[in-house]
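Trainee: Attaching a single structure in structure tokens format; questions to follow.
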């Protein structure tokens, strides 16, 4: 039974990635002279305290993308998209799933309760930062599964699902076949014990984790972008292909170079950015967002003014430095000419 314990641990209790909040970077950053404020906060879901960060910018609309990380990762995974999304006019929210990073929780549930936590996060964002015009979910692996399991939520318009699986049981069976080879028939024997153990410890059923049953929603207002690595050995790209084929809303799929953990290429990220901006919002100014975030916008404007003053001061210092160099150069040239003239006079004497 020790084998089942180890297998169970890989699923519901992978290594927790801890980190220092200093790695989140500066509280204020600038993208093309537009100030972005990062607000760290804590929200509660299922009586667990979960840690999150929201990158706020002043905008007519309140578009919010929530990045959902892998099962053995944390919110730092989503930091790489801050500049790209802010340049597209989208606020980014990153957070640690329960049992991950700095959040409370003992187990992960491969999307089962994570989807509940995302709903609570959306409620919190609207309460604290103002009504959201459009929610977007971008998830990878377990995060992608979590996103797809929320396909019925009317507040969400766009789903970026990178390396999602169709059913958790299927992935477990496939990994078992890779491990046991010709002895893969053993999987059917230990599967009931593994399922029972996970139910007892983490309170979820692996047979109920099935994004495939969730993507069949048909809606003109929903968009799905499926993504997978061609050489992914952990979650075979056929899972994304099956999800794509069963999806009944507007959809796209891309099989890109790399495996399960490969950093996606710039070209792929550019396609995703364009996909996110397919929906043209024509709603009026979001007064609720502007009102609740006014303090962040004022702080951002002060930071921008300070930033511009620093730039101006640096430019003035640089100009003065250049002038001093020019003076020294002219003086040095004059002194050299004087020495040359003196030498010439001595020679003529």
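The values are calculated or read from the model by the stated rules, or taken from the named source; none is laboratory data. Source: prediction; values computed, not measured. Here Cβ is always computed from backbone atoms with ideal geometry, including for glycine, and neighbour counts include all displayed protein chains.
Trainee: Do you know which residues across region 10-21 are part of a helix (DSSP H, G or I) and surrounded by 13 or more Cβ atoms within 10 Å (Cβ to Cβ)?
Mentor: Within region 10-21, 10, 11, 12 meet the criteria.
Trainee: Looking at this structure, is residue 252 in the same structural domain as residue 98 (by TED's automatic domain parsing), surrounded by fewer than 19 Cβ atoms within 10 Å (Cβ to Cβ) and modelled with pLDDT of 90 or more?
Mentor: Values: in the same structural domain as residue 98 (by TED's automatic domain parsing): yes; surrounded by fewer than 19 Cβ atoms within 10 Å (Cβ to Cβ): yes; modelled with pLDDT of 90 or more: yes.
For residue 252, the condition - in the same structural domain as residue 98 (by TED's automatic domain parsing), surrounded by fewer than 19 Cβ atoms within 10 Å (Cβ to Cβ) and modelled with pLDDT of 90 or more - is met.
Trainee: Is one or more of the residues making up region 257-266 modelled with pLDDT of 80 or more, under 30 Å from residue 87 (Cα atoms), in the same structural domain as residue 55 (by TED's automatic domain parsing) and in contact with a helix residue (DSSP H, G or I) (Cβ under 7 Å, 6 or more places away or on another chain)?
Mentor: Within region 257-266, not a single residue is modelled with pLDDT of 80 or more, under 30 Å from residue 87 (Cα atoms), in the same structural domain as residue 55 (by TED's automatic domain parsing) and in contact with a helix residue (DSSP H, G or I) (Cβ under 7 Å, 6 or more places away or on another chain).
Trainee: Return yes or no: is residue 209 at pLDDT 95 or above, within 30 Å of residue 46 (Cα to Cα), in contact with a helix residue (DSSP H, G or I) (Cβ under 6 Å, 6 or more places away or on another chain) and surrounded by 15 or more Cβ atoms within 10 Å (Cβ to Cβ)? Before you say what the answer is, go through the steps one by one.
Mentor: Details: at pLDDT 95 or above: yes; within 30 Å of residue 46 (Cα to Cα): yes; in contact with a helix residue (DSSP H, G or I) (Cβ under 6 Å, 6 or more places away or on another chain): yes; surrounded by 15 or more Cβ atoms within 10 Å (Cβ to Cβ): yes.
So residue 209 fits the description; yes.
Trainee: Same structure, new question: State yes or no: is residue 296 farther than 29 Å from residue 131 by Cα and modelled with pLDDT under 95?
Mentor: Details: farther than 29 Å from residue 131 by Cα: no; modelled with pLDDT under 95: yes.
So residue 296 fails the test.
Trainee: Can you confirm whether residue 75 is modelled with pLDDT of 95 or more and within 29 Å of residue 266 (Cβ to Cβ)?
Mentor: yes
Trainee: OK, next. Test residue 270 against the criterion of being free of Cβ contacts under 8 Å to residues at least 24 places away in the same chain, within 30 Å of residue 234 (Cα to Cα) and under 22 Å from the mean Cα position of the chain (by Cα), and give yes or no.
Mentor: On the way: free of Cβ contacts under 8 Å to residues at least 24 places away in the same chain: yes; within 30 Å of residue 234 (Cα to Cα): yes; under 22 Å from the mean Cα position of the chain (by Cα): yes.
Yes; evaluated as a whole, the condition is true for this residue.
Trainee: Every residue in region 134-155 that is within 27 Å of residue 290 (Cα to Cα) and surrounded by fewer than 20 Cβ atoms within 10 Å (Cβ to Cβ), please.
Mentor: Matches in region 134-155: 134, 153, 154, 155.
Trainee: Can I ask one more? For region 304-320, does any single residue satisfy the condition of being touching a strand residue (DSSP E or B) at 6+ places or on another chain (Cβ under 7 Å), within 18 Å of residue 57 (Cβ to Cβ) and at pLDDT below 95?
Mentor: Scanning region 304-320, I find at least one residue that is touching a strand residue (DSSP E or B) at 6+ places or on another chain (Cβ under 7 Å), within 18 Å of residue 57 (Cβ to Cβ) and at pLDDT below 95, so the answer is yes.
Trainee: Can you spot a residue in region 94-101 that is touching a helix residue (DSSP H, G or I) at 6+ places or on another chain (Cβ under 9 Å), touching a residue at least 60 places away in the same chain (Cβ under 8 Å), outside the structural domain of residue 298 (by TED's automatic domain parsing) and farther than 18 Å from residue 45 by Cα?
Mentor: Within region 94-101, none of the residues are touching a helix residue (DSSP H, G or I) at 6+ places or on another chain (Cβ under 9 Å), touching a residue at least 60 places away in the same chain (Cβ under 8 Å), outside the structural domain of residue 298 (by TED's automatic domain parsing) and farther than 18 Å from residue 45 by Cα.
Results for (1) over 17 Å from the mean Cα position of the chain (by Cα); (2) touching a residue at least 60 places away in the same chain (Cβ under 8 Å); (3) assigned by TED's automatic domain parsing to the domain that holds residue 131, shown as yes or no for each residue.
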site: 7; (1), (2), (3): yes, yes, yes
site: 23; (1), (2), (3): no, no, yes
site: 39; (1), (2), (3): no, yes, yes
site: 44; (1), (2), (3): yes, yes, yes
site: 57; (1), (2), (3): no, yes, yes
site: 67; (1), (2), (3): no, yes, yes
site: 70; (1), (2), (3): no, yes, yes
site: 83; (1), (2), (3): no, no, yes
site: 86; (1), (2), (3): no, no, yes
